[in-house]
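The values are calculated or read from the model by the stated rules, or taken from the named source; none is laboratory data. In this text the structure is predicted, and so the values were computed from the model without any measurement. Neighbour counts run over all protein chains shown; Cβ positions are idealised from the backbone, glycine included.
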């Protein structure tokens, strides 16, 4: 093995590089869906992922998209078709959910929890798990660790530099905040609107037109 100072960036920091590059379009389910862990982000979803995998359930989490970037396109399609569909578009079908999630037995975290009704309908025999957390504590954590990262000026720079990977993550975040796929169900519609409007205003004030156009294309 090469000395530490001779290692490539990928050898030194393997966790920031994609592990696979699989286009799951058209794939079939190969393991049964057993657990729908539909708690919100910042409610211990990574710990739940670890627990399910100890129990033998391959688990899908937000980080799974980082490990297999082609999944980003499928999630963007699912979000758009639910929250901003074109006139001829319909929601994800069971076959499409099986294509995206057919290699795993449990799901947790975002953007999975934006599709709770759809997944419960698609997999009626799966166990549903919800992890509870005090709402105000949850929101403070979510705003600090998730919303603020999407609103940060550096994030907009990275989106512009890497639209194919970080940019797609940003678009997923746009859907989750703008259409309140998470917040409205916890805080109530009006409270969520007020908080999201404040976040969006801060983001818009710091943004230039080109970055805004990129974010909304």
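Tabulated data
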| quantity | calculated |
| --- | --- |
| Test: residue 181 is modelled with pLDDT under 80 and not in a helix (DSSP H, G or I) | yes |
| Checklist (1) over 20 Å from residue 174 (Cα atoms); (2) out of contact with any helix residue (DSSP H, G or I) (no Cβ under 9 Å at 6 or more places or on another chain); (3) surrounded by 12 or more Cβ atoms within 10 Å (Cβ to Cβ) applied to residue 123, failing item | (2) |
| Filtered residues of region 126-149 (kept if part of a loop (DSSP other than H, G, I, E, B) and surrounded by 13 or more Cβ atoms within 10 Å (Cβ to Cβ)) | 126, 131, 133 |
| Test: residue 108 is at pLDDT 90 or above and within 13 Å of the chain's Cα centre (by Cα) | yes |
| Boolean, residue 152 is surrounded by fewer than 16 Cβ atoms within 10 Å (Cβ to Cβ), without any contact (Cβ under 8 Å) to a residue 40 or more places away in the chain, within 19 Å of residue 22 (Cβ to Cβ) and out of contact with any strand residue (DSSP E or B) (no Cβ under 8 Å at 6 or more places or on another chain) | no |
| Selection status of residue 126, at negative phi and modelled with pLDDT under 80 | no |
| Matching helices (runs of 4 or more DSSP H) fully within region 1-100 where at least 2 residues are surrounded by 11 or more Cβ atoms within 10 Å (Cβ to Cβ), under 17 Å from the mean Cα position of the chain (by Cα) and in contact (Cβ under 8 Å) with a residue 40 or more places away in the chain | 45-54, 62-67, 71-83 |
| Conditions (1) in a helix (DSSP H, G or I); (2) on the phi > 0 side of the Ramachandran plot; number of the one not met by residue 109 | (1) |
